[in-house]
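Heads up, the thing below is written out as structure tokens.
A short reminder: the numbers here are calculations on the coordinates, not readings from a lab. This one's a predicted model, so the numbers in the text were calculated from it and none came from an experiment. Quick reminder, even Gly has a Cβ in these numbers, built from the backbone with ideal geometry, and neighbours come from all protein chains shown.
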Amino acid sequence: MIIGMFLFIAPIPSSMQSIVLKLPLLEQVNIIGMCELFHLLNASPNLEYLVIDFDCLKASLDNESTCHLLETRIVRLHVSSWKDSEPNLIQRIIEVFTGLRLLWIVMNDTKSLIDSFILTVISLWKGRQRLALGVNGLLSEEASKNLRQWIIDHFFHLMVDDSFAVEYKNKWFNLWF
């Protein structure tokens, strides 16, 4: 009778070749904490949905090879523990993730106002492909009164009859272009 199984991983002797990782069926991955993304992205040609901590994403955007793989693969990005003190990071994300269609951002401080953050994301996204944007946090009273009109008032490239949907429910702002 087997009661339990134990797995012991010994260090690989330097005389042995490293293991080649291949994950062709992997389409979504959730990264918790810090890790090097390049080898995972390189081994996963069908990876398109990345859930990642803010700090890990920030560190990964400093690696040119990793950025190339992020650019060509990821169409849905979910960033957790976003630190609002990094306004330039959203610009970098938009530069790197050129095929992005879905961007979800979970703020580290859900009690802070997200109005200016949302306006920054939308203004940087202007003229690009369709995007679904979700951000959790508090909207100002002005923004939440008439959300659709608030968006139109702040973006001269949007008109009342333009095709987009917006809602704010349970501290989540959602926008679909």
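In order along segment 39-47, the phi-based Karplus estimate (6.51 cos²θ - 1.76 cosθ + 1.60, θ = phi - 60°) of 3J(HN,Hα) comes to 5, 5, 5, 5, 7, 10, x, 9, 5 Hz; Gly and Pro are listed as x. Given a Förster radius of 45 Å and the C-beta distance between PHE164 and LYS22 as r, what FRET efficiency does 1/(1 + (r/R0)^6) yield to the nearest 0.05? So the FRET efficiency works out to roughly 0.65. Within a straight-line Cα-Cα reach of under 30 Å, LYS22 can be paired with the following lysines, leaving aside sequence neighbours fewer than 8 residues apart in one chain: LYS58. The charge dipole of segment 41-139, taken about its Cα centre with unit charges on the Cβ atoms of Lys, Arg (+1), Asp and Glu (-1) only, comes to about 380 debye. Placing pseudo-labels 7 Å out from each Cα toward the beta carbon at HIS154 and THR72 gives an inter-label distance of 3.6 nm. Projecting label points 7 angstrom from Cα along Cα→Cβ for ASP84 and TRP176 puts them 2.7 nm apart.
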